[in-house]
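A.B. asks: Below you will find the structure I want to go over with you.
Each value in this text was obtained by applying a stated rule to the coordinates, not by laboratory testing. The structure displayed is predicted, hence computed values, not measured ones. Counting neighbours? That spans all protein chains shown, and the Cβs are built from the backbone with ideal geometry, glycine included.
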């Protein structure tokens with residue numbers, strides 16, 4: 001009986017030992033396989049911002065100065081150097097941190113952000129996480145900003161004040177236009193000969 005209880009307690013307390021997770025070698029292999037499956041998508045997505053990504057990776061110590069300063073801005077060299085450093089890591093936590101920095105650096109918004117998040121979701125599973133990216137690094141949507149800006153000259157239907165202002169302006173212009181075409185010439189009231197005759201006739 002005592003031995004049975006001891007065995008059960010050992011099983012409960014030894015859950016971490018029974019499920020230690022992948023070794024650094026296993027995790028590194030999975031990370032490389034996932035990166036390879038995303039290779040083409042990442043290459044296409046980073047074409048327009050590779051220079052900036054290389055600078056970020058260099059600043060974080062992920063790539064060397066030689067790769068950063070490469071005139072061809074070689075995507076292949078960036079990936080090769082990232083994978084080479086993966087193989088040198090001796091701890092799963094270091095491997096996770098290395099992958100996290102890489103994802104943060106390539107997440108530059110737009111196509112790169114989408115590609116980075118797709119990679120991140122799969123890498124996170126290797127380390128039993130939903131995401132390697134911190135919540136603060138989430139891309140801010142510009143939809144709300146764009147939606148609040150109306151095109152030039154456009155008036156919302158529910159903006160009664162703007163509509164009224166426009167109506168008053170047009171009315172004022174119409175009155176001014178009318179006044180211009182019907183102004184009375186005070187300096188020469190008989191500019192029309194027929195009008196002059198009618199006036200003199202009424203005086204007789």
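A.B. asks: If neighbour count is taken as other Cβ atoms inside 10 Å, put 73, 57 in order from fewest to most.
C.D. replies: Lowest to highest Cβ neighbour count: 73, 57.
A.B. asks: Among rounded, prolate and oblate, which fits the stretch 22-63 when a ≥ b ≥ c are the square roots of the eigenvalues of its C-alpha gyration tensor, a/c under 1.5 means rounded, and a/b larger than b/c means prolate?
C.D. replies: oblate
A.B. asks: Can you put 129, 78 in order, fewest other beta carbons within 10 Å first?
C.D. replies: 129, 78
A.B. asks: Among 117, 68, 36, rank each residue by its count of other Cβ atoms within 10 Å, from fewest to most, as a rough exposure measure.
C.D. replies: Lowest count first: 36, 117, 68.
A.B. asks: Here's something else I'd like to know. Once you keep just the Cα pairs under 8 angstrom separated by 6 or more residues, what percentage relative contact order results for the stretch 20-127?
C.D. replies: For the stretch 20-127, the relative contact order is 39 percent.
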